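The values are calculated or read from the model by the stated rules, or taken from the named source; none is laboratory data. Being a predicted model, the structure only gives us computed values, none of them experimental. All Cβ positions, glycine included, derive from the backbone under ideal geometry; neighbour counts span all protein chains shown.
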Amino acid sequence: MPVRVKKFIGIFIMIVLVIVYAMTAVTVATYRLAESAWYIHMAYFLVTGLLWVLPAMWLIKWMETPPKSKATDAQD
């Protein structure tokens, strides 16, 4: 698959990932942390704010990988 097509698909996946992840994090915080102290909220949002980077890094890495050429496939 060409890199341009991967980037096009990856952008839509990234947008969906960010929206779903943010909605899930806020929903969990609303129902589970409603009575918690401010520092618990701060720690939760710090962790969840950084945690989405892991799947995003994988997705960006996938988007940037060059396609396999048919010449190297024939040699293997």
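A compact table of results
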| quantity | calculated |
| --- | --- |
| Any chance W62 is closer than 30 Å to F8 by Cα, of a type outside the set (K, R) and modelled with pLDDT under 90 | yes |
| Which numbered condition Y21 fails, given (1) under 22 Å from the mean Cα position of the chain (by Cα); (2) at pLDDT below 90; (3) of a type in the set (S, T, Y) | (2) |
| Selection status of T30, of a type in the set (S, T, Y) and either loosely packed, with under 10 Cβ neighbours inside 10 Å or modelled with pLDDT of 90 or more (or both) | yes |
| Selected residue [of a type in the set (V, I, T) and modelled with pLDDT under 90] from T48, T72 | T72 |
| Residue that is nearest to K7 (Cα to Cα) [pool: residues in the range 33-63 that are exposed (fewer than 14 other Cβ atoms within 10 Å of the Cβ) and small (G, A, S)] | G49 |
